[in-house]
1. Just name the residue that is modelled with the lowest pLDDT out of those in segment 89-137 that are β-branched (Val, Ile, Thr) and surrounded by 16 or more Cβ atoms within 10 Å (Cβ to Cβ).
2. Mind listing whichever residues of segment 30-54 are assigned to a loop (DSSP other than H, G, I, E, B) and surrounded by 10 or more Cβ atoms within 10 Å (Cβ to Cβ)?
3. Which condition from (1) within 30 Å of Leu115 (Cβ to Cβ); (2) at pLDDT 75 or above; (3) surrounded by 10 or more Cβ atoms within 10 Å (Cβ to Cβ) is the one that Gly86 breaks?
Amino acid sequence: MEWDENFYSPEPRSKMTGFIPEKLYHIVERDPLTEESKIVSELASRILELKEVNPRKPIVLLNVLARISRLSPSALWIVLEILAGGRDLEKSLSQKGKDLSFSKQAVHQKRNRDLEKLDTILPDIAEALKQIMTTKP
């Protein structure tokens, strides 16, 4: 292709055009991400960081979390609370019961059932969780 004076002519010559200097292009703005999209993006980013440490770690982690979820979704939330630093586990059973509209005995029983289920497939994790949840600060 030869660069002549008609190269930047307003007449379309083909579907492909070059960048035209000093022409104002419409800048397409992206829709703002939803809060859910931001969280998923952050999770994906952190999983990729874990992959850089060891390529198998994210796969193992996701498989273990999926196994726990299939076994008992509420056990998954307990495990994730522990992994996230145990913020919610610091609440008393009475407070958790109020938050969930259950008695503290019901919360305690559900937690114990979840730990029993977890013990069948991941006994080491179940034992660690029992120790964490029975230890008083």
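The values are calculated or read from the model by the stated rules, or taken from the named source; none is laboratory data. Note that the structure is predicted; figures quoted are calculated from it, not measured. No Cβ is skipped: glycine too gets one built from the backbone with ideal geometry, and neighbour counts run over all protein chains shown.
1. The residue in question is Val107.
2. Those that are assigned to a loop (DSSP other than H, G, I, E, B) and surrounded by 10 or more Cβ atoms within 10 Å (Cβ to Cβ): Leu33, Asn54.
3. That leaves (2) as the condition not met.
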